[in-house]
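Colleague: If you scroll down you'll find the structure; I have some questions about it.
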Amino acid sequence: MQLGPDLTLGQFLKTVEECCPQTAYAVKLRLHEMADGELKDMEYFFSTLPTPFTAFDTEAYKTSVVGLFMRHMLLAYNKLSFSQVYKLYKSLQHYYHSHYAKPMDGQVPALVADDSEMDLTSIEDTVGDRVDKEELDTPLHESELRSDNTPSRGPLSQKQAEYFLARQAYLLKNDENKALKPAALQEELNNMLKFNPDFAEAHYLNYLNSMRVQDIFLSAHSLLHYFDRLILSGNDGKSNGDEGYGRSLRYAALNLASLHCRFGHYQQADLALQEAIRIAQESNDHVCLQHCLSWLYTLEQMKGSDSTVLTEDSVKMAAHFCLPYLASLGIQSLVQQGATQGKTAHKLMDALKDTDILHWKHSLSELIEISLAQTTSIWRMYGKSTMSLQQAQLLLNMSSLEPVNFGVQQNNTEAFAVVLCHLAELHAEQGLYGAVSEIIQHLKEQFPPHTQHAKLWMLCDLKIQFERHMNEGKYHLAEPLVTAITALNQLEGLYRKAQVLKAVNRSTEAYHILQQLQARCEKTKCTEMVIRVMLSTAELHWESSGFSTALPVLLQALALARQHHLQSLASETILHLAFTQLMLGVPEQALNVLHEAVEPILAHRAVMDKGCAMLLAARCQMAVAGFKPNRQGQADLRLAASALDTLNEAAAYFSQLNCKERLRDVHYLQAQLHRSLGQILESNKSAMLFRLLDQELQSPAPPVSMRL
């Protein structure tokens, strides 16, 4: 059985042929006989059909799906008058011959009405009128079909309209890529509302469609129209025996508050939320009050305020009223706040474990996905890339708990987009840019630019490109990306602008931007960005005021990283401290400090950080060994040999990223070290490699002592 709206003959035959080519040929032959014959040929077809009450040994038995369908069809046909039978026959001819007529003018010829429109359970003979007025001339919605996107121009029947709205709403929620484009969907909804302005569900889908394109005016307009029509239709008096009118009012105010929250209109959202709370309290609607409380703490978070107390109250009340979905959302919000406030990982994971039990118990697949995506992000924030990768793979390989409708594979939600972006960044950190390209391409296919989650992969892609160009020393290619990053995330854009300015020796401008950025991040409690800004500020101190002035900044950054258990940033800060100590003339202390950070860096950090750590370790070993350039016989041979091995390891890391500036530094140190040890042949080889890279880069090499 093929369930759905009417299809063109070509699409119908293609569908049948995929299941059974012989049946498709028989259908085509029978249609040809009736359409090219006479009216009696169609009458003969209906007279020869086996009735559901006599076909005991076939699929048309009365209790089968096919049997029920045939019974409906025969009852409808037998109720038709002769003039209606003739019109049905002419419609059949038009349906058949239009398959060979080109073009189709964007309409699918309707053969018969759907069974709900024919009202077969009614004993009154009203079928003929409906066939005359609607069924035989109803153009169907082309965009519902599998291979056509041409919009319809006529009214849809009630059943067709409901099917279309349900399908598009489901696709917008689970797989926006398969839904109609915003402009095409808007055109179809306008056409639908033109024939039925009081169709409440169409107004709601219009609201969802407007949200996709960030149209605040049309979103609010459609949302209010939806609740107005819902009140008029009287279809909403279903909540705890409450009056439908009051229920619509409070949920209309709540939805309006959520709409303003999404657009960042916090004052308007707060007013709408207070209105929803007032009406819900008057009606004693505890469920609506819990939804209001959830949005209240969400609104406080978006404002940058501490909403921990509100969130805890929401979780307690949701558990009291047996609302597992809201309780779980509250716990996940508490976990997110705890991560930013410096809670330890085991406490957060215990909380998420308890929510996972709740999710599986109630089959809340959407929250299971969110929980796994949140765990992935938390492990990555803490610097545990292996655990983050494991959680990402767990989500990507998880089967959906929801029934799959309309061909949706349940992998186009925000949680999947977040996890795939993390996966792309983890591969980029290891220099696996081929895999990154495949992941980004998959994201582009699953989340096209017009979809609501496309900004996630856009920002991820830009950040990866930026880091790659910076690692390769192509600052002229990295600079144009700053504008695009700023459009998607202002804080990330400012930070990367400062990085580019610092790289091209515009230190004063970079310093001013970093100071502004640090003040903004401290206000919004964005700890990770604060630490990254401090590290960049310390690097500017190296180049200007000296290494001693960088120590207080680095110590403050290290304390902040350890307070919030950010192991990745703590290791990077230790690298900066070790380099500062090396430049201040205490290489032994620098080497001891460096040993503390090497293990987590090699286990979890990016290839670039591994190379920098090995290069710094080699320089510390050379300094401890008493190495001095262009002087032979005075270095500790054991430490010098160890330094050479460390430099070779650093060169391997930098080669993975094609980081030629760093490779130039490595070859320079290798040549000096080989010469001091009397290894002239190896020294000449390293010097030649240095010379080739220096000529290729065509830029003066900065002093090795001035950068990490």
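The values are calculated or read from the model by the stated rules, or taken from the named source; none is laboratory data. Computed from a predicted structure; not experimentally measured. For neighbour counting, all protein chains shown are included, and Cβ atoms are generated from backbone atoms with ideal geometry for every residue, glycine included. Note: accessible area is taken over every heavy atom of the protein model, side chains too, but ligands, DNA and RNA are not part of it. Shrake-Rupley method; radii C 1.70, N 1.55, O 1.52, S 1.80 Å.
Colleague: On the given criteria, is residue 253 more than 24 Å from residue 362 (Cα to Cα), in a helix (DSSP H, G or I) and open to solvent by less than 10 Å² (accessible area, probe 1.4 Å)?
Modeller: Working: more than 24 Å from residue 362 (Cα to Cα): yes; in a helix (DSSP H, G or I): yes; open to solvent by less than 10 Å² (accessible area, probe 1.4 Å): no.
Judged against the criteria, residue 253 is not a match.
Colleague: Does any residue of the stretch 510-518 turn out to be within 30 Å of residue 621 (Cα to Cα), in a helix (DSSP H, G or I) and out of contact with any strand residue (DSSP E or B) (no Cβ under 9 Å at 6 or more places or on another chain)? It would help to see each step written out before you state the result.
Modeller: Looking only at the stretch 510-518, we keep the residues that are within 30 Å of residue 621 (Cα to Cα), and these are none.
Checked the stretch 510-518: no residue is within 30 Å of residue 621 (Cα to Cα), in a helix (DSSP H, G or I) and out of contact with any strand residue (DSSP E or B) (no Cβ under 9 Å at 6 or more places or on another chain).
Colleague: Quick check on the stretch 396-411: of everything there that is open to solvent by 20 Å² or more (accessible area, probe 1.4 Å) and among the aliphatic types (A, V, I, L, M), which residue is modelled with the highest pLDDT? Please lay out each step first, then the result.
Modeller: If we filter the stretch 396-411 for residues that are open to solvent by 20 Å² or more (accessible area, probe 1.4 Å), which is where we start, we get 396-407, 409, 411.
Now narrow it down to the ones that are among the aliphatic types (A, V, I, L, M): 396, 398, 401, 404.
On the way: 396: 87, 398: 79, 401: 55, 404: 51.
By that ranking, first place goes to 396.
Colleague: Also, quick follow-up: Can you tell me which of 341, 393, 336 is open to solvent by 60 Å² or more (accessible area, probe 1.4 Å) and modelled with pLDDT of 90 or more?
Modeller: Values: 341 fails: modelled with pLDDT of 90 or more; 336 fails: modelled with pLDDT of 90 or more.
From the options 341, 393, 336, the qualifying one is 393.
Colleague: Next question. Looking for whichever is open to solvent by less than 20 Å² (accessible area, probe 1.4 Å) and aliphatic (A, V, I, L, M) here; the options are 602, 615, 591. Which one fits?
Modeller: Working: 602 fails: open to solvent by less than 20 Å² (accessible area, probe 1.4 Å); 591 fails: open to solvent by less than 20 Å² (accessible area, probe 1.4 Å).
Result: 615 is the single residue among 602, 615, 591 that is open to solvent by less than 20 Å² (accessible area, probe 1.4 Å) and aliphatic (A, V, I, L, M).
Colleague: Only residues that are at pLDDT 85 or above, farther than 22 Å from residue 327 by Cα and in contact with an Asp or Glu (Cβ under 9 Å, 6 or more places away or on another chain): list them for the stretch 269-292, please.
Modeller: Answer for the stretch 269-292, where residues must be at pLDDT 85 or above, farther than 22 Å from residue 327 by Cα and in contact with an Asp or Glu (Cβ under 9 Å, 6 or more places away or on another chain): just 279.
Colleague: Being under 30 Å from the mean Cα position of the chain (by Cα) and assigned to a helix (DSSP H, G or I) is the filter here; which residues of the stretch 520-534 pass it?
Modeller: So the first thing to find is which residues in the stretch 520-534 are under 30 Å from the mean Cα position of the chain (by Cα), and the list is 520-533.
Selection gives 520, 521, 522, 523, 524, 527, 528, 529, 530, 531, 532, 533.
Colleague: Which of the residues that make up the stretch 454-474 are more than 16 Å from residue 425 (Cβ to Cβ) and under 16 Å from the mean Cα position of the chain (by Cα)?
Modeller: 454
Colleague: Quick one: would you say residue 492 is open to solvent by less than 30 Å² (accessible area, probe 1.4 Å) and either among the small types (Gly, Ala, Ser) or in a helix (DSSP H, G or I) (or both)? Write out each step before concluding.
Modeller: Values: open to solvent by less than 30 Å² (accessible area, probe 1.4 Å): yes; either among the small types (Gly, Ala, Ser) or in a helix (DSSP H, G or I) (or both): yes.
Yes.
Colleague: Pull up the stretch 82-100, narrow it to residues that are open to solvent by 50 Å² or more (accessible area, probe 1.4 Å) and of a type outside the set (Phe, Trp, Tyr), then point me to the one that is modelled with the lowest pLDDT. Full working, then the answer.
Modeller: To start, the set of residues in the stretch 82-100 that are open to solvent by 50 Å² or more (accessible area, probe 1.4 Å) comprises 82-83, 86-87, 90, 94, 97, 99-100.
Now drop any that are not of a type outside the set (Phe, Trp, Tyr), which leaves 83, 87, 90, 94, 97, 99.
Working: 83: 84, 87: 87, 90: 87, 94: 85, 97: 85, 99: 78.
In this case the residue turns out to be 99.
Colleague: In the stretch 495-518, how many are over 32 Å from the mean Cα position of the chain (by Cα), farther than 17 Å from residue 542 by Cβ and in contact (Cβ under 8 Å) with a residue 24 or more places away in the chain?
Modeller: Within the stretch 495-518, residues that are over 32 Å from the mean Cα position of the chain (by Cα), farther than 17 Å from residue 542 by Cβ and in contact (Cβ under 8 Å) with a residue 24 or more places away in the chain number 0.
Colleague: Are any residues in the stretch 555-580 over 24 Å from residue 344 (Cβ atoms) and in contact with a Ser or Thr (Cβ under 9 Å, 6 or more places away or on another chain), and if so, which ones?
Modeller: Scanning the stretch 555-580 gives a single hit, 580.
Colleague: Quick check on my filter: what residues within the stretch 11-40 are over 18 Å from residue 98 (Cβ atoms), surrounded by fewer than 17 Cβ atoms within 10 Å (Cβ to Cβ), within 45 Å of the chain's Cα centre (by Cα) and not polar (S, T, N, Q)?
Modeller: 17, 18, 19, 20, 21, 25
Colleague: Confirm whether residue 376 is part of a helix (DSSP H, G or I) and under 19 Å from residue 394 (Cα atoms). So that I can check it myself, show each step before the final result.
Modeller: Working: part of a helix (DSSP H, G or I): yes; under 19 Å from residue 394 (Cα atoms): yes.
Yes; evaluated as a whole, the condition is true for this residue.
Colleague: Of all residues in the stretch 217-238 being in a helix (DSSP H, G or I) and at pLDDT below 85, which is most open to solvent (accessible area, probe 1.4 Å)?
Modeller: First pass over the stretch 217-238, keeping only residues in a helix (DSSP H, G or I): 217-233.
Narrowing the set further to residues that are at pLDDT below 85 leaves 227-233.
Values: 227: 18, 228: 77, 229: 44, 230: 22, 231: 46, 232: 137, 233: 57 Å².
Only one residue tops the list, namely 232.
Colleague: Mind checking which residues of the stretch 635-694 are open to solvent by 30 Å² or more (accessible area, probe 1.4 Å) and among the small types (Gly, Ala, Ser)?
Modeller: 641, 642, 652, 655, 678, 687, listed by residue number.
Colleague: Cβ-Cβ distance below 9 Å, separation of 6 or more or different chains: which pairs start in the stretch 372-386 with a residue that is more than 15 Å from residue 337 (Cα to Cα) and end on one that is among the basic types (Lys, Arg)?
Modeller: These pairs meet every condition: 383/605; 385/605.
Colleague: Still on this structure, I have one more. Please specify each residue of the stretch 522-531 satisfying the condition of being free of Cβ contacts under 8 Å to residues at least 40 places away in the same chain and crowded, with 21+ Cβ neighbours inside 10 Å.
Modeller: 530
Colleague: If you don't mind, there's one more thing I want to ask. Report, by residue number, each residue of the stretch 426-456 that is without any contact (Cβ under 8 Å) to a residue 40 or more places away in the chain, in a helix (DSSP H, G or I) and not hydrophobic (A, V, I, L, M, F, W, C).
Modeller: 427, 433, 434, 437, 438, 441, 442, 444, 455
Colleague: Kindly list, by first and then second residue, each pair from a residue in the stretch 466-483 that is part of a helix (DSSP H, G or I) to a residue that is basic (Lys, Arg) and open to solvent by 70 Å² or more (accessible area, probe 1.4 Å), limited to pairs with Cβ atoms under 7 Å and residues at least 6 apart or on different chains.
Modeller: 482/497
Colleague: Looking at (1) open to solvent by 70 Å² or more (accessible area, probe 1.4 Å); (2) over 27 Å from residue 610 (Cβ atoms), find the lone condition where residue 556 falls short.
Modeller: That leaves (2) as the condition not met.
Colleague: Since residue 241 meets every condition but one in (1) open to solvent by 60 Å² or more (accessible area, probe 1.4 Å); (2) modelled with pLDDT of 85 or more, which condition does it not meet?
Modeller: Exception for residue 241: condition (2).
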